[in-house]
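Structure record follows, encoded as structure tokens.
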């Protein structure tokens, strides 16, 4: 599965932004650098925590979180 830019979130490095949370789950080194670029996470594997909700057009999936793959 390929996610669009940060799963639709804005590319912010604020610690509570989805982009920052997703990026640090994929690459923990980002926490020490406090900045990231797409190449810091492209190609890394993760597990998606999905929720199913009722949208206007029927059932939809929503990403609730990204979990790192345990090595």
Note to self: Of everything in the stretch 34-57, what is surrounded by 10 or more Cβ atoms within 10 Å (Cβ to Cβ) and touching a strand residue (DSSP E or B) at 6+ places or on another chain (Cβ under 6 Å)? Give them in sequence order.
What the structure shows: 46, 47, 48, 49, 50, 51
Check: From the set of residues in the stretch 24-46 that are modelled with pLDDT of 85 or more and part of a helix (DSSP H, G or I), which is farthest from residue 61 (Cα to Cα)?
Finding: 32
Item checked: Exclusive hit being over 14 Å from the mean Cα position of the chain (by Cα), outside any helix (DSSP H, G or I) and either modelled with pLDDT of 80 or more or on the phi > 0 side of the Ramachandran plot (or both), set 54, 49, 64 -> 54
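The values are calculated or read from the model by the stated rules, or taken from the named source; none is laboratory data. Being a predicted model, the structure only gives us computed values, none of them experimental. Ideal geometry is used to build each Cβ from the backbone, glycine not excepted, and the neighbour counts take in all protein chains shown.
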